[in-house]
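Contents: one structure, followed by commentary.
Laboratory data are not the source of any read-out in this text; all were calculated from the coordinates shown. What you see is a predicted model; the values in this text were computed from it and never measured. Every residue, glycine as well, gets a Cβ built from its backbone with ideal geometry; the counts of neighbours run over all protein chains shown.
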Amino acid sequence: MQLRSRTSTDPLLGTASSWLELLSQDTVECSDMSSEDSRNSECAPAKRPKRTIQKRKRPAKKRRTSYDIRKQQKADLLAELSKLEKQLELLKHRVLIEQGEANSTIKRTEVANMVLQERAQNQHVTIAGIQSMLVSRMQQSLSELQPTEIKIRLGTDRAERRTTLVAMKDQKLREAKRFMATWGQDLDTNSTFSQENQFESLDGGFSAVRVDNAPIRGTTVRAVFDAIIQSMQNAEILISELFGSITIREDTDFEAADISQIRLVSSTKHGAVVESNSVIFSEYVEESDGCYGIIAADFVDDDKLYPYRPEERIRRDTITAVLIRQAPDDVVVGTRWTCSS
């Protein structure tokens, strides 16, 4: 059987010759293009291949446990401890070097303190000796003239009695002011002070000396002065309330704003009757540098009109001086000295 080639009529393949031709043409064209590309590649620079950038995934951070944290803290503390121990050793070394000088300084300080302490003790001993002499002198002088004391002798004539008391008023207040100003010149005006001495006199009597210093705030010198005068003129009420005794005030024929005579009779719980006869002098003074009030009370030595009754009553003699003055910081200071026997 004779085979003949015929041209295929398939539209996809075409004829065989045409398909081979096309294939050869495509091959030629490809070779031509390849030769051209090779020539162009020889002239043009070589192109770098593009790199594909890929994002790297970061590994997940490992979370620290409490054990790791505490372990790290312990390591840090141990390192700090080692550092502090080294510093301590260095300081000890410096102390050992300076110890000689330090010991000598301490010894000098101790010696100085001992000297100061000895001086202070000597001052206390000296003051104690002075106080002893003062107490002894006070005990011996009870029968003598007391501070601010003036002998008061009153007759039976009423006009003469008045004249006698008016005449001694200025001297009595002047002596009282000088004595009280000296007594309170070194006292702290902002603190309360009280001192009392009780002892038996040489003649067998009992005596007491008391000093009081009190700051009063929120008032005036005049108000304090008037209050003290009123309390002294009503002493029978105060004595009855304080001691629980019956105290009466006997009539007197002389009483003024600045001079008062007060005669009191008290009955004690033991049945004894005590009498007193006193005169109170007072004055309120306003000066350019301030104001003050001075009060002086003294017992009557001899009263012809109202004599003492030693057979029936026990006699009580009292001397009192009170100074009220203005202190800094709007403080009113009252200082009182009294001796009772």
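Details
- Binned Cα-Cα distances of the stretch 150-243, short to long, each 10 Å bin given as a whole percent: 11, 25, 42, 20, 3
- Karplus-derived 3J(HN,Hα) values for the stretch 104-120, using 6.51 cos²θ - 1.76 cosθ + 1.60 with θ = phi - 60°, are 5, 5, 4, 5, 5, 5, 4, 5, 5, 5, 5, 5, 5, 5, 5, 5, 5 Hz; glycine and proline are entered as x.
- In this structure, Ser340 and Asp188 have a Cβ-Cβ separation that, at R0 = 22 Å, corresponds to a calculated FRET efficiency of about 0.25.
- Point-to-point label distance, Glu200-Ile130, nm (Cα→Cβ direction, 7 Å offset): 3.0
- Extending 7 Å from Cα along the Cβ direction at Ala272 and again at Thr163 yields two label points whose distance is 4.0 nm.
- Gain in span if fully extended, Ile248 to Arg316, counting 0.36 nm per residue against the direct Cα distance: 23.0 nm
- Protection proxy ranking of 225-233, 307-315, 73-81, by the mean of other Cβ atoms within 10 Å over each peptide's residues and highest first, is 225-233, 307-315, 73-81.
- The phi-based Karplus calculation (6.51 cos²θ - 1.76 cosθ + 1.60; θ = phi - 60°) puts the 3J(HN,Hα) values of the stretch 228-233 at 5, 4, 5, 5, 6, 6 Hz, whole numbers, x for Gly and Pro.
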